[in-house]
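The values are calculated or read from the model by the stated rules, or taken from the named source; none is laboratory data. Nothing here was measured: the structure is a model prediction, and the numbers come from that model. Cβ atoms come from the backbone with ideal geometry, glycine included; neighbour counts cover every protein chain shown.
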Amino acid sequence: MKSSLSRPWQGAEALRVELELRNLPSVRIMEYLAEAGGEPSGELAVSGEEWSAYLEPIEPAVVGAMRIPRDRLVITGHDSAVERISAFMRRKTMRGGG
């Protein structure tokens, strides 16, 4: 779900980062984006100062008989804001094996 609001940083100069997230509830991802300074702007969309993000489900990954839910998080905006938010989300969503 993309926001139809016009942002001054949208256009050819806006940076876009896509992160594939696995096995995380969308509610948790939205909480992380709010923690990063975003405000809800749609069901699966958040906007912050000089950035916006939305979450879209993608086909599950199949490992043997297991299906692992996946989502794509798309972050767009000014370079420095997108780099900050994407680094924050990478830290928050990092999972270790055990």
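What to note about this one:
- Pair list, Cβ < 7 Å and 6+ apart or interchain, from region 69-98 residues that are more than 20 Å from residue 25 (Cβ to Cβ) and of a type in the set (Asp, Glu) to residues that are assigned to a helix (DSSP H, G or I) and at pLDDT below 95: none
- Within region 48-98, the set of residues being of a type in the set (D, E, K, R), more than 18 Å from residue 33 (Cβ to Cβ) and out of contact with any Pro (no Cβ under 9 Å at 6 or more places or on another chain) comprises 59, 79.
- Comparison of 72, 84, 67, 91 shows that the only residue that is under 16 Å from residue 14 (Cα atoms) and of a type in the set (Lys, Arg) is 84.
- Only one of the numbered conditions (1) at pLDDT 95 or above; (2) more than 17 Å from residue 18 (Cβ to Cβ) is violated by residue 83, and that is (2).
- Qualifying residue in region 46-63 (condition: among the small types (Gly, Ala, Ser) and on the phi > 0 side of the Ramachandran plot): no
- Residues satisfying the stated conditions in region 58-88, i.e. aliphatic (A, V, I, L, M) and out of contact with any strand residue (DSSP E or B) (no Cβ under 6 Å at 6 or more places or on another chain): 62, 63, 65, 66, 87
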